[in-house]
Structures are given as structure tokens and as C-alpha cells.
Amino acid sequence: MNKDLFNNKSLGPCYSSIGQDISSQWANCEEHKGYLRIYSGLSPIQSNSINAIGRNIDTVHISASTCIELDPSIQDTQAGLIAYLDKHNWHFFYQTSSKLADSKVLKISSCVGSVLNQTEMEPIDIYDANNVQLKISIEENKILFYYSVVKYQWHKVGASLKINSNQTKVKETEGKGNINLGFIGMCVQDSTESGSFADFEYFKFEDHTNLD
């Protein structure tokens, strides 16, 4: 288990991003002390470089969680957790809001085999919550989503989704250090490039491979 409370001025060497180096211009721990602030970038559909901070996946039994603060007055910004296998296969579990709908909701967007779709789940209304915790778990060829607005009270969201078994299959002949199954981490997107941001209170990464 590895839980980062973002108490240091800079991110540790365990972190990586998608398609780019991590830059303090779009991710830093100094503007809001005790939080990681990530500025919005383009979506995986629009760009190969994603404003995401997280960990490379080298096992098929992991989970990642975080707590988000996103001003509900900010329109169109999507902040949450992304599981990114490659450009054509990813899942984004996020909070967003729209003044037109007067809402703050949770949604899931998925891209499987280059086909983009939103899951059939109804958006979850969290307008009265000051912040929200999100969690993604990967179990072999399944991905599961959870949220909480009360500490330690997790609620499963939607159905478990299948992910490409070819990408989550670990060959016995490969050493763990050479395996790269993808990426999981915190992500902020805004197709309008408005320069909005979200603050993340922590990032918890757990490897369940050797747990009974």
C-alpha cells in the first residue's frame, strides 16, 4: 500500500504521466498546500499527451483511489481517475458539472477498441458533497468503480466492465520489472482548454497481487 498525502513540495519519482513528462506548469503541490493541483488538458481522443499523474501498472490486481475538490461552478471540466491501457482502450471515472443542469455528477467514459461510449449508468448526483472519493480496481480482465462521499463508505458504480485480456495477461517468462500493462492515476480534462483545475487530497495505490 502506498498513500501519498502530498505534503512534499514536489512529486516523488514513482509518478509518471501519459505521453509527456510531468511539469509544474500543469501539476504541482505548492499552489494549494497538502493537495496536488492538476490543470486541465485535452482528452485521450484529442491528444496523445494527457494531464494525468499516477503509476504505471505492472500487475493485474491493483486499486487506486483519491479524493477530489472541484468547484461546481466550473463548467465542462472532468476530474477523476483514469485507467489507460493504450490510446484505444481506457476508462475515465470522473466528476463534472454544468451550470445549465445546475449539477455536480459522477460519470464514466470508456474507449474500447477505439469506440468511445459512456456507460449506461445514470449520472450520480453529488451536488451536496463538499468533496468525493473515487476508486478504480482492476482484477485480471475486469475493472470496477467505486465512490464515497462519507469516509470509508464505498459504493460500487455500475456493472463491472471487461478490459482487453491480451493487455492484462502477464506472461510467466516476463520479469515484473519489464511488464507495462498501462497506467492508472488522477486526471483532469477540459475540451475547451479553459485552464481550469482540480485539487486532489491524496493518491492511494495498492498492489493486491500477493494478498490472500
If a residue has to be of a type outside the set (A, V, I, L, M) and assigned to a loop (DSSP other than H, G, I, E, B) to count, how many in the stretch 181-212 make the cut? 11
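Please find, among ARG37, ARG55, the residue that is touching a residue at least 60 places away in the same chain (Cβ under 8 Å) and open to solvent by less than 40 Å² (accessible area, probe 1.4 Å).
One residue alone meets the criteria, ARG37.
Restricting attention to the stretch 67-85, report how many residues are of a type in the set (Val, Ile, Thr) and under 13 Å from LEU106 (Cβ atoms).
Taking the stretch 67-85 as the starting set, the residues that turn out to be of a type in the set (Val, Ile, Thr) are 68, 74, 77, 82.
Adding the requirement that they be under 13 Å from LEU106 (Cβ atoms) leaves 68.
Residues meeting the conditions: 1.
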Meets criteria (open to solvent by 30 Å² or more (accessible area, probe 1.4 Å), under 15 Å from HIS61 (Cα atoms) and either of a type in the set (S, T, N, Q) or out of contact with any Leu (no Cβ under 8 Å at 6 or more places or on another chain) (or both)) for LYS162: yes
So MET1 fits all but one of (1) within 21 Å of HIS91 (Cα to Cα); (2) at pLDDT below 95; what number is the exception? (1)
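Taking the options ILE22, ILE50, ILE62, name whichever one is over 30 Å from SER103 (Cβ atoms), β-branched (Val, Ile, Thr), open to solvent by less than 50 Å² (accessible area, probe 1.4 Å) and modelled with pLDDT of 90 or more. Please lay out each step first, then the result.
Working: ILE22 fails: open to solvent by less than 50 Å² (accessible area, probe 1.4 Å); ILE50 fails: over 30 Å from SER103 (Cβ atoms).
Sole residue among the options that is over 30 Å from SER103 (Cβ atoms), β-branched (Val, Ile, Thr), open to solvent by less than 50 Å² (accessible area, probe 1.4 Å) and modelled with pLDDT of 90 or more: ILE62.
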SER43 fails exactly one of the following numbered conditions: (1) open to solvent by 60 Å² or more (accessible area, probe 1.4 Å); (2) in a loop (DSSP other than H, G, I, E, B); (3) out of contact with any Lys or Arg (no Cβ under 6 Å at 6 or more places or on another chain); (4) at pLDDT below 90. What is the number of that condition? (1)
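What about ILE68, is it under 21 Å from ILE22 (Cα atoms), open to solvent by less than 10 Å² (accessible area, probe 1.4 Å), assigned to a strand (DSSP E or B) and touching a strand residue (DSSP E or B) at 6+ places or on another chain (Cβ under 7 Å)?
Details: under 21 Å from ILE22 (Cα atoms): yes; open to solvent by less than 10 Å² (accessible area, probe 1.4 Å): yes; assigned to a strand (DSSP E or B): yes; touching a strand residue (DSSP E or B) at 6+ places or on another chain (Cβ under 7 Å): yes.
So ILE68 fits the description; yes.
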Over the stretch 140-152, the set of residues in a strand (DSSP E or B) and open to solvent by less than 70 Å² (accessible area, probe 1.4 Å) is ILE143, LEU144, PHE145, TYR146, TYR147, SER148
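If you take the residues in the stretch 108-127 that are free of Cβ contacts under 8 Å to residues at least 12 places away in the same chain and not polar (S, T, N, Q), which one is least open to solvent (accessible area, probe 1.4 Å)? Talk me through it step by step, then tell me what you get.
The first filter runs over the stretch 108-127 and keeps only residues free of Cβ contacts under 8 Å to residues at least 12 places away in the same chain, leaving 115, 117-118, 122.
Now restrict to residues that are not polar (S, T, N, Q): 115, 122.
Working: VAL115: 89, GLU122: 144 Å².
Ranking the candidates gives VAL115 first.
Would you tally the residues in the stretch 104-139 being part of a loop (DSSP other than H, G, I, E, B) and either at pLDDT 90 or above or of a type in the set (A, V, I, L, M, F, W, C) (or both)? Break it down into steps so the answer makes sense when it comes.
Looking only at the stretch 104-139, we keep the residues that are part of a loop (DSSP other than H, G, I, E, B), and these are 113-114, 119-123, 126-131.
This time we only want the ones that are either at pLDDT 90 or above or of a type in the set (A, V, I, L, M, F, W, C) (or both), so: 121, 126, 129.
Residues meeting the conditions: 3.
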Kindly evaluate ASP76 against the criterion of being under 21 Å from LEU116 (Cα atoms) and either open to solvent by less than 20 Å² (accessible area, probe 1.4 Å) or part of a loop (DSSP other than H, G, I, E, B) (or both). yes
Across the stretch 150-192, which residue is farthest from GLY34 (Cα to Cα) among those that are modelled with pLDDT under 70 and among the acidic types (Asp, Glu)? GLU172
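The values are calculated or read from the model by the stated rules, or taken from the named source; none is laboratory data. None of these values were measured; they are calculated from a predicted model. Positions of Cβ are backbone-derived with ideal geometry, glycine not excepted, and every protein chain shown enters the neighbour counts. Side chains are part of the model used for accessible areas, which takes the heavy atoms of the whole protein and leaves out ligands, DNA and RNA. Shrake-Rupley method; radii C 1.70, N 1.55, O 1.52, S 1.80 Å.
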